[in-house]
Amino acid sequence: MAEEGQVIGIHNVKEFDEQVRIGKEARKLIVVDFTASWCPPCRFIAPIFAELAKKNPHAIFLKVDVDEVQAIAARFNVDAMPTFAFVRDEVEVSSHRIVGADKNGLMDKVIELCGPVPSTSTA
């Protein structure tokens, strides 16, 4: 299992389903990045997604290559990349999907669904 605060690469359906189960048991939001190696906007948003994972260890961040794990992309009806889906209790959180490399939209949606990043300052 990957450490908290890291993006977990998914390579098959079994791995995806296991992470969804872990998320449900831990009561964590799961943020799924549906990506493709040939997709320039996906490459643009990848470091932002990784930074969000670091700043939100109370959520699980998954990366699914739609060409490698087509069954998961089909399960979520993904037809454009990047697509970001949010899963809670094994179900996609409706009306919260983001399609495209919308940096601000992605950051805002993660904050909305996960809550603000806890402050690390000791004032």
Of the residues that make up segment 83-98, is at least one open to solvent by less than 30 Å² (accessible area, probe 1.4 Å), touching a His at 6+ places or on another chain (Cβ under 6 Å), of a type outside the set (Lys, Arg) and not in a helix (DSSP H, G or I)? yes
Scan segment 28-57 residue by residue and report those that are touching a residue at least 24 places away in the same chain (Cβ under 8 Å), open to solvent by 10 Å² or more (accessible area, probe 1.4 Å) and either closer than 17 Å to Val93 by Cβ or outside any loop (DSSP other than H, G, I, E, B) (or both). Lys28, Thr35, Pro41, Phe44, Ile48, Ala50, Leu52, Lys54, Lys55
Does segment 25-46 hold any residues that are farther than 14 Å from Gly9 by Cβ and over 14 Å from the mean Cα position of the chain (by Cα), and which are they? Glu25, Ala26, Arg27, Trp38, Cys39, Pro40, Pro41, Arg43, Phe44
Test of understanding: among Val110, Val78, which residue is more than 23 Å from His58 (Cα to Cα), open to solvent by less than 60 Å² (accessible area, probe 1.4 Å) and in contact (Cβ under 8 Å) with a residue 24 or more places away in the chain? Val78
Within segment 9-19, which residues are surrounded by fewer than 19 Cβ atoms within 10 Å (Cβ to Cβ) and of a type in the set (A, V, I, L, M)? Val13
Could you grab me the full set of residues in segment 58-71 that are within 12 Å of the chain's Cα centre (by Cα) and either of a type in the set (A, V, I, L, M) or part of a loop (DSSP other than H, G, I, E, B) (or both)? Ala59, Ile60, Leu62, Val64
Neighbours by Cβ (under 7 Å, 6+ apart or cross-chain): first from segment 8-20, at pLDDT 95 or above; second small (Gly, Ala, Ser) and open to solvent by less than 40 Å² (accessible area, probe 1.4 Å): Ile8/Ala2
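The values are calculated or read from the model by the stated rules, or taken from the named source; none is laboratory data. Predicted model only: the values in this text are computed from it and were never measured. Note that each Cβ is placed from the backbone with ideal geometry, even for glycine, and that neighbours are counted across all protein chains shown. Accessible surface is based on the protein model in full, side chains and every heavy atom, while ligands, DNA and RNA are left aside. Shrake-Rupley method; radii C 1.70, N 1.55, O 1.52, S 1.80 Å.
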